[in-house]
Every structure is written in C-alpha cells, then in structure tokens.
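Structure, as structure tokens:
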Amino acid sequence: MPVLYIVVPCYNEEAVLSETAKRLGEKAAQLVKDEKVSKCRIMFVNDGSKDKTWEMIERFHAEDPETFTGLSLSRNRGHQNALLSGLMEAKNHADIIVSMDADLQDDINAVDAMVDKYNNEGCEVVYGVRNQRKTDTFFKRSTARMFYMGANVVYDHADYRLLSRRATEALGEFEEVNLFLRGIVPLIGFKSDKVYYDRGERFAGESKYPLKKMIAFAIDGITSFSVKPLKMITGAGFFMAVVALGFLIKAFVDHYTGHADAGWPSIMCSIWFIGGVQTVCIGVIGEYIGKIYGETKHRPRYIVEKYLG
Ligand code: UDP
Ligand code: MG
C-alpha cells in the first residue's frame, strides 16, 4: 500500500485552516482504515502568510506530528510556487501526492477515487475535474476560460490532482520560472485519468486570487504555452496590408476621376489606427521577452525557511 501526502498551499488562511486540518485529519484516518494507503500525512505549505497561518500549522504538527507536517517559505511566492515546493518536499517521503487548496472548495472525498485509480489502474496522474462552475463568479469563469486558449490543459481542472512519485520527479525536471502547473502536468505523460467532483464555495476567508491576479495568471498561462498571440499579430499584419492596398486603390481612383479630397481625416485615422495596432503588437512581443528575461535568470522558485518533522 502506498504512502500518501496531501499538499496544501496556504496564504493567509487562518480563517479556514482549523476546519481544513480537522477534515483532512479525519480523511487521512479513514483512508488508512479503509486500507487504501498505508500512511497519510497532510503537508501545509505556508506561502509567506502575514496572519497566524504558520503558528497554526506549527500547532497542528505539535499536536499530531504523525498526521500533520508543514513547510514555510521565506516569503510569498504565489500559489504555483508554493505548491511546487510542497510537491518537491513530499516526493522524498511519499509514493503518491494529492494537491488541493486550503479553502475546502475541492471536495476532499474525491481523494478516495484518485487513490483507487492509482492502486487499481496504475494511473500516475489523476486530475480532479469539476462538474460545474456555478459557484464561481462570472469574472472567475471567463478568466479561467482564457487559459484554455493557450495551453493543452484539462478542461475545468484546477490544481486538485494526484501525482505519483515518478510523475512528481518528472515535474521537477521542468525548470521554468513562469510556473503554470496545469499546463505542465499534461506534458509529463504517463497513464492518467480524471475524477469528477462538485466544487463548493470557499469555506471561510477571502479569495486570494483577486481579478488582477487572475488576469495576470491567465496571461501567464497563454504566453507560457502558446505562440497564438504571435500568430495573431501576423494575421493583423496581413489584414492591415490589405486595408492599405484598398486605400491605395482608392487614392488612384480619386486621382484619375478628379475627386481627390483634402485628405487629413483619412491620414489622422490611419496614423492613430496603425499606431494603436503597433503598440499592441509591441506589448505582446514584450510579454514574450519578459518571459525570456525571467527564464534566463534561473532564479530559485522558492526558498524553504522551515520544515517540520
Ligand atoms: N495561495 C497561495 N499563495 C498565494 C495565493 C493563494 O498559496 O499567493 C493558496 C491559497 O491559500 C489557497 C489556494 O492557493 O489554498 C487557492 O487560492 P484561493 O482559494 O484564494 O483561489 P480561488 O479558489 O479563489 O481561485
Ligand atoms: Mg479557492
């Protein structure tokens, strides 16, 4: 029977953490009792929280070191990096690792089915896929949909998934700084499957992904995995060439029919139009250059400050 670690990134989660720990603790005991896993531990990753999150994690560990363990990053590095740090630590101790959010939005009962897929079918990657997104806001849904434009991702899957140790080690080989795990995991390969679950409301506390962060995350997802925006520039360029040709023809026609007009409105319009389009294009190219800049620095993606147990 495998050893299971459940990795939970936490950023300012003091409002939900007690409940999360309680429910996950019960889940861990139940999984062992049902003989699905030989051991189950919960690893909370404190992503540089400013509230009592880390103190709470330390307390869980002190009260029940067999079940709870924790990792604290030296500062806030964002959900994806926090999750990665937890996975990289957990793979040294576990056969299988499930990652989930701290806010209990992901139905923890889906873990059973994920573990079954590993035990019975030998799946090394099991995606948790939401049945519906009714509980998310319109903005959340539409920004989330933007991801699917770029990467080859599993539809309606967030970061609730099971990875085997082998798959996690493979994940560690991806060295990108602009981390978008949902896009990378399908690139690992191995036998994989999906488990469906209902996504609930956040149990308590506020979303740590305000609209601004969501959009930034979506842009990251697109530019890290796809050259579609670059192709769109090419398309826009062709379109502009055709428009310019049209103007040229019109100019000739006007000239020979003697209707040449004063001209300044058309000039002003085209200057502004082309200027705008060019700025957008430069912006898109800038996105990619920004990515290259980030990658060439090879900075560490996280720094662990403390590790419990
Ligand atoms: N999170 C994190 N670092 C951050 C932001 C979020 O570790 O900088 C964690 C957060 O504690 C939660 C998970 O990432 O466990 C998802 O965040 P949240 O539930 O706020 O996002 P949403 O469900 O609204 O997309
Ligand atoms: Mg959430």
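What follows draws every value from the coordinates through simple rules; no lab data is involved. Since the model is a prediction, treat every value here as computed from it, not as a measurement. Neighbour counts run over all protein chains shown; Cβ positions are idealised from the backbone, glycine included.
Computed from point charges on the beta carbon alone (+1 for Lys and Arg, -1 for Asp and Glu), the dipole magnitude for the chain about its Cα centre is near 600 Debye. Checking the cross-link filter: which lysines have an alpha carbon closer than 22 Å to that of Lys231, excluding same-chain neighbours under 8 positions apart? Filter leaves Lys291.
By its C-alpha gyration tensor, with a ≥ b ≥ c as the square roots of the eigenvalues, how is region 1-77 shaped: rounded for a/c under 1.5, else prolate for a/b larger than b/c, else oblate?
It comes out prolate by the Cα gyration axes.
The order of Ser99, Ser192, going from fewest to most other C-beta atoms within 10 Å of their C-beta, is Ser192, Ser99.
For region 46-63, backbone nitrogen atoms closer than 20 Å to the point 7 Å from Thr137 Cα along Cα-to-C-beta are found at no residue. Alpha carbon centre of region 68-119 versus region 196-245: separation in Å? Answer, in whole Å: 26. Across q = 0.09, 0.11, 0.12 Å⁻¹, the chain modelled as identical point scatterers on its alpha-carbon atoms has Debye log10 I(q)/I(0) values of -0.53, -0.71, -0.81, in the order of the q list. Computed over the chain with a Gaussian network model linking Cα atoms closer than 10 Å, the most mobile of Leu171, Leu245, Leu163 is Leu245.
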